[in-house]
Amino acid sequence: MSDRELLELAAKAAGFAWVDGHVSTGLRDRDGRVWNPLTNDGDALRLAVRLCLLITQTKYEPGVNAYGSVGIAWYGQKHDFDHEHFTDDPYAATRRAIVRAAAEIGRKMS
């Protein structure tokens, strides 16, 4: 799934409108920044909170673990976590895991 498709479905899950290739959150942003939880920590955190996502991590330790992972679970999902693996950027992996979980919620809303 492309990043754009992930963002569209995540926006749907969050109750935001997708207008002209951008998300309309209804929130005023003074600098005109575009909502993108794949690249913005604040947007990702607000999305996780809005959808009541449970986030857990296993730590990446060079020389000890080959990778770390971020697990996401949400209400209505079985007790399994959706995992995003990472090596050197746990922040990007966490944002992507949040968006992937939100997109799955949005997909199930169709």
Handout entry: Taking Arg96, Arg4, Arg46 and counting other C-beta atoms within 10 Å, the order from fewest to most
Key = Arg4, Arg46, Arg96
Practice task
Based on the mean of other Cβ atoms within 10 Å per residue, sort peptides 9-19, 50-60 so the most packed one is first.
Solution key: 9-19, 50-60
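Read the figures in this text as sums done on the coordinates, not as results from a lab. Source: prediction; values computed, not measured. Note that we place each Cβ from the backbone using ideal geometry, even for glycine, and neighbour counts take in every protein chain shown.
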